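A.B. asks: Have a look at this one before I ask anything.
Rule-based calculations on the coordinates, nothing more; no lab input. This is a predicted model, so every value here is computed, not measured. Note: ideal-geometry Cβ built from the backbone for every residue, glycine included; neighbour counts use all protein chains shown.
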Amino acid sequence: MPDPYEALDRLMCLDLAGRGIGRLYDAARTRLGTPLSRAAAECFSRVPPGSFVLIGTGWLTRGWVSTRLAENDGPPGAATVARALWLARDVTPVVVAEDSILAALAPVFRASGLSVLTLEEARRTRLPGGKTAAVVLEGFPTDDAEAGRAADRLLDDIQPALCFATERASRARSGVYHNARGVDIGAGQARVDLLFEAAALRGIPTIGVGDGGNEIGMGLIADTVASSVRFGDRCACGCGSGVGASTATDILVAANCGNWGCYAAVAAFAIAERDPRLLHTPEREDQLLRAATSAGLLNSPRGTVDPNVDDIPLSTHLAMVELMREVAVRAIAQG
Ligand SMILES: [Zn+2]
């Protein structure tokens, strides 16, 4: 079999919608010099056992309607990464997002097999007999000044070994957060990008996953986003910049769908660790997407609550997870 990491990268970049993910992928690949799934996996492998890992996810898809509406691309991928890091490294993932969507995110993380706890409760899982597969969900401020202080507090408190973002908005060069249609979506937006920038200044490794160019991490290939994405050089809000993210991460995973980028990274991690327990499965994908549906997360292009993600049918997501699993199972078997 050819390099399994290359195969995973190719699968995650299957450009069903014809949005041109290949250009973003190529730029990230040139920058990192290795398959992106492998780069993310190597970063996971360096996480020390028992540490905290920060995870940013959740996209307010229609914040001008309600800040309780978020999309279903992001949280299932984040939950899959959280589960794998817990299994492989006994990590406690701490997920940051808007207070307004934590209730919708919780069932998705539970569907990955983790209990949703407070930070204080999660620390008790370290006590004898307290061993619990758990994730912490934390609201993060939507105001810049408050977010700066909250970032320092949280980083001091949990000292994360890694910061991982998937489908999480980053401001553009102008300071405005944009959606893919170039509209200002800053209202009610948790300033998680500031948290990632504070983490990077402390030398904490960072990974970003995205599919459009406006997500945390895409700052790594800002020039390519500006030249190749719709509204990349000029938004529609009049702020004077394009929609591209200004926040860079050490590792960037550009994929056709944020969830696929996460699944490829987890499959690569399973290969690197030679541990098939870490692999995502179609059965769990089905559970995650149904949990997301029950929680009211949106299939964003349509604005409907259904288990299709980025308007790609559920059955295609199940098939993609199976293909990635097959690549990893064979690679692990062949050593
Ligand atoms: Zn703008």
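A.B. asks: Take residue 333 and tell me if it is part of a helix (DSSP H, G or I), of a type in the set (Gly, Ala, Ser) and exposed (fewer than 14 other Cβ atoms within 10 Å of the Cβ).
C.D. replies: For residue 333, the condition - part of a helix (DSSP H, G or I), of a type in the set (Gly, Ala, Ser) and exposed (fewer than 14 other Cβ atoms within 10 Å of the Cβ) - is met.
A.B. asks: Another question, then. Would you tally the residues in segment 30-65 being under 13 Å from residue 265 (Cα atoms), among the polar types (S, T, N, Q) and crowded, with 23+ Cβ neighbours inside 10 Å?
C.D. replies: Summing the residues that are under 13 Å from residue 265 (Cα atoms), among the polar types (S, T, N, Q) and crowded, with 23+ Cβ neighbours inside 10 Å in segment 30-65 gives 1.
A.B. asks: Residues that are more than 16 Å from the ligand (Cβ to nearest atom), of a type in the set (A, V, I, L, M) and crowded, with 21+ Cβ neighbours inside 10 Å: does segment 208-216 have at least one?
C.D. replies: Looking through segment 208-216, at least one residue is more than 16 Å from the ligand (Cβ to nearest atom), of a type in the set (A, V, I, L, M) and crowded, with 21+ Cβ neighbours inside 10 Å.
A.B. asks: So residue 73 fits all but one of (1) of a type outside the set (Ser, Thr, Tyr); (2) part of a helix (DSSP H, G or I); (3) surrounded by 22 or more Cβ atoms within 10 Å (Cβ to Cβ); what number is the exception?
C.D. replies: (2)
A.B. asks: In addition: Can you pull out the residues in segment 307-317 that are more than 17 Å from residue 211 (Cα to Cα) and crowded, with 17+ Cβ neighbours inside 10 Å?
C.D. replies: Selection gives 307, 314.
A.B. asks: Being in contact (Cβ under 8 Å) with a residue 24 or more places away in the chain and within 18 Å of the chain's Cα centre (by Cα) narrows it down to one residue among 122, 111, 133, 88; which is it? Reasoning before the result, please.
C.D. replies: On the way: 122 fails: within 18 Å of the chain's Cα centre (by Cα); 133 fails: within 18 Å of the chain's Cα centre (by Cα); 88 fails: within 18 Å of the chain's Cα centre (by Cα).
So the residue among 122, 111, 133, 88 that is in contact (Cβ under 8 Å) with a residue 24 or more places away in the chain and within 18 Å of the chain's Cα centre (by Cα) is 111.
This table checks each residue for (1) in a helix (DSSP H, G or I); (2) in contact (Cβ under 8 Å) with a residue 12 or more places away in the chain; (3) under 16 Å from the mean Cα position of the chain (by Cα).
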{"site": "105", "(1), (2), (3)": "yes, yes, yes"}
{"site": "141", "(1), (2), (3)": "no, yes, no"}
{"site": "145", "(1), (2), (3)": "yes, no, no"}
{"site": "149", "(1), (2), (3)": "yes, no, no"}
{"site": "153", "(1), (2), (3)": "yes, no, no"}
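A.B. asks: Could you tell me whether residue 27 is touching a residue at least 60 places away in the same chain (Cβ under 8 Å), more than 15 Å from residue 261 (Cβ to Cβ) and surrounded by 21 or more Cβ atoms within 10 Å (Cβ to Cβ)?
C.D. replies: When the stated conditions are applied, residue 27 does not pass them.
A.B. asks: Let me ask something else. Looking only at residues in segment 222-245 that are more than 11 Å from the ligand (Cβ to nearest atom) and surrounded by 20 or more Cβ atoms within 10 Å (Cβ to Cβ), which one is nearest to residue 177 (Cα to Cα)?
C.D. replies: Within segment 222-245, the match that is nearest to residue 177 (Cα to Cα) is 245.
A.B. asks: For segment 145-186, name all the residues that are over 21 Å from residue 75 (Cβ atoms), of a type in the set (A, V, I, L, M) and within 16 Å of the ligand (Cβ to nearest atom).
C.D. replies: Of everything in segment 145-186, those that are over 21 Å from residue 75 (Cβ atoms), of a type in the set (A, V, I, L, M) and within 16 Å of the ligand (Cβ to nearest atom) turn out to be 172, 176, 183.
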